[in-house]
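Take a look at the structure below.
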Amino acid sequence: MTRPLTPDDPTFDIDERHPPIRTRRVSFDWSETPLHWVPGDPVATHIINSFHIVLPEGEKWFIQCVKDARPYIKDAKLLEEIRGFIGQEMVHARSHQGVLDQILEANGIDVSRITGPAGRGNADRPAQMAALKERSPRRWRRRLRLELAAVAAIEHYTAVLGQWIMDNDRLDKAGVDPTMLDLLRWHGAEEVEHRSVVFDVYKAVGGRYPTRVLAWVLSLFFLYWALIGGSLYLLNQDPTIKGKVSLPRVYRSYRRSVRKGHVPGIFRLLLGEAPVYLRPSHHPSQVCSTPRALEYLMQSPAAQAAGYDPY
């Protein structure tokens, strides 16, 4: 999906983090968005809907991890980027919650079996971390670094997916609901924009390569569970689909969706990015394109309605 830059590439040393990371307080009107917002493709719709399920609480966890590390960050520029990152992630969580409330639950799909435990985990985490820090500061630091490394790995994949969805005009040709497409592209553009922040925070608090590898493995299992398990969960609850969904049937539909460009190849995406992310010298600024992200944000109906001005 992405190509790491090499030292002989003229853009190798360019760090694309320099534009300020802005919080764009967007909003979306879901009153005209159908349940199957990829027309005629419920499998592609629900594969992407699986992100909507995990992102509201996931984004809150990202924020908690970065906030825990913030007191130990001394670099003024990184602190400013953390502020922008937190603001963006708060809006992401709220925006995806709107999809859960106004599209999925409004159509009789109950996602509380997934969101409930995740929400309770987020609610319990501050007290757990505070108790661990008091009991064993060393174990607290190890846990924080592992969590930050996991968030950095997930942020790599969300940036890659963001680049994919910004560049994929086959979604427009397929007639994907324009409001949903703007949500996904606006979110993807901001993921590209702030893709370096958590990685830099992890490095700043002493994160090392072995922990980064371990966290990537854990994140890989989580992403497979979120995409595959979440998709099957949604398909089985979809009121328009009669009978229990069979895995072979879903897989055949998924392959058709990949060929049509409605979704990326999940297995190729998750494993194909390993050589990029696991390079010891990897830095997020070496993949994806901040200028492309800012270009989309200047066109995004939601960002423009929120008064976004890149200057």
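Taken together, the values in this text are just the output of simple stated rules run on the coordinates, not laboratory data. As the structure is a prediction and not an experimental result, all values here were calculated from the model. Cβ: placed from backbone, ideal geometry, glycine included. Neighbour counts: every protein chain shown.
A straight Cα-to-Cα reach below 13 Å connects Lys260 with the aspartates and glutamates Asp41, Asp169, Asp172, residues fewer than 8 places away in its own chain not being considered. Helix 42-69 and the long axis of the chain differ in direction by around 20°, with both axes built from C-alpha atoms. Seen through its C-alpha gyration tensor, with square-root eigenvalues sorted a ≥ b ≥ c, the range 71-155 comes out oblate because a/c lies at 1.5 or above while a/b is not bigger than b/c. For the range 42-305, the Cβ-based charge dipole about the Cα centre amounts to some 1180 debye (Lys, Arg positive; Asp, Glu negative; other atoms uncharged). Using C-alpha pairs under 8 Å with a sequence gap of at least 6, the mean separation divided by the residue count of the chain gives a relative contact order of 33 percent. Nearest 10 degrees is fine. How inclined is helix 247-260 to the longest principal axis of the chain, computing both from alpha carbons? Its long axis makes an angle of about 80 degrees. Candidates Val287, Ser246, His46 compared by Cα position along the dipole of the chain: farthest toward the positive end lies Ser246, with charges placed on Cβ.
The translational diffusion coefficient of the range 260-309, from Stokes-Einstein at 37 °C and 0.692 mPa s with a Kirkwood hydrodynamic radius over alpha carbon pairs, comes to 240 µm²/s. A straight Cα-to-Cα reach below 18 Å connects Lys77 with the lysines Lys67, Lys203, residues fewer than 8 places away in its own chain not being considered.
Orientation-averaged projection of the range 42-305 equals 14.5 nm² [convex hull of Cα atoms, one quarter of hull surface area].
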